[in-house]
Amino acid sequence: MARARMLLVEDDASLAELLVWHFSRENFDVQHTIDGEEALLLARETPPDIVLLDWMVEGISGIEVCRRLRRAAETQNVPIIMLTARGEEEDRVRGLETGADDYVTKPFSPRELVARVGAVLRRVRPALAGEALSYSDLEMDTVGHKVRRGGEVIPLGPTEFRLLKHFLEHPGHVFSRERLLDSVWGHDSDIESRTVDVHIRRLRKAINEGGRPDIIRTVRSAGYALDAGH
């Protein structure tokens, strides 16, 4: 299973600790904040795969955080699950109309929440729910470490494999060189950002062999995206 990034916005310290523990066990990379403003900054810097958002948090309200996440281009498609003690129908409707994908009323079972998160991700990000990734005529077996395009095996080096895997997990998303360095090479990498260009060229050469259409889009002054429609 691909490691999903979760942004947890919850100001109840004991509940947050419990949720971080449960989701870390389920192979989630959990980033936690108690503040609505900081949540928006974190989401803008590194868009998560899913957001768990308490209605009542410090700074701006969770409902306003949800509204702003939906308005921002980089987070408009990120699934959001609202967590709240407000169980009235009017509040649930308001949360869903603001843009939440699901609504969980406190108190709740952490196991049930894990199941709900999994259900939402399977619906909106199927790549995070299994071991096979695909886009257009590209297929990747993450366990067997094999890539095929149009049914033909494509030999890739380990770095190009990781780079393609990242793109396949986020089709259509534009990533800057810095974001790719952070996600593919890691936080502590001392590799220069221009090195990304070298590996992009190698990846393109491998997957476009035989005159196949180029499905990696270069966005001037922004970065790269896996995009078959460009």
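The values are calculated or read from the model by the stated rules, or taken from the named source; none is laboratory data. Please read all numbers here as calculations on a predicted model, not as lab measurements. As a convention, Cβ positions derive from the backbone with ideal geometry for all residues, glycine included, and neighbour counts pool all protein chains shown. For the accessible areas, the whole protein counts, side chains as well, though only heavy atoms, and no ligand, DNA or RNA atoms are used. Shrake-Rupley method; radii C 1.70, N 1.55, O 1.52, S 1.80 Å.
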Inset, instruction - Answer with yes or no whether Glu192 is in a loop (DSSP other than H, G, I, E, B) and either open to solvent by 20 Å² or more (accessible area, probe 1.4 Å) or of a type in the set (Phe, Trp, Tyr) (or both). - result: yes
Inset, instruction - Could you grab me the full set of residues in region 37-57 that are of a type in the set (A, V, I, L, M, F, W, C) and modelled with pLDDT of 90 or more? - result: Ala39, Leu40, Leu41, Leu42, Ala43, Ile50, Val51, Leu52, Leu53
Legend entry - Looking only at region 140-166, and only at residues there that are touching a helix residue (DSSP H, G or I) at 6+ places or on another chain (Cβ under 6 Å) and part of a strand (DSSP E or B), the one that is farthest from Arg217 (Cα to Cα): Met140
Legend entry - Pairs with Cβ under 7 Å, 6+ apart, first in region 153-179 and of a type in the set (Gly, Ala, Ser), second in a loop (DSSP other than H, G, I, E, B): Gly172/Asp227; Ser176/Ala222
Legend entry - Those residues of region 204-221 which are within 14 Å of Gly172 (Cβ to Cβ) and open to solvent by less than 40 Å² (accessible area, probe 1.4 Å), in sequence order: Ile215, Ile216, Val219
Legend entry - Output for region 122-145, where each listed residue is modelled with pLDDT of 80 or more and open to solvent by less than 50 Å² (accessible area, probe 1.4 Å): Leu133, Leu138, Met140
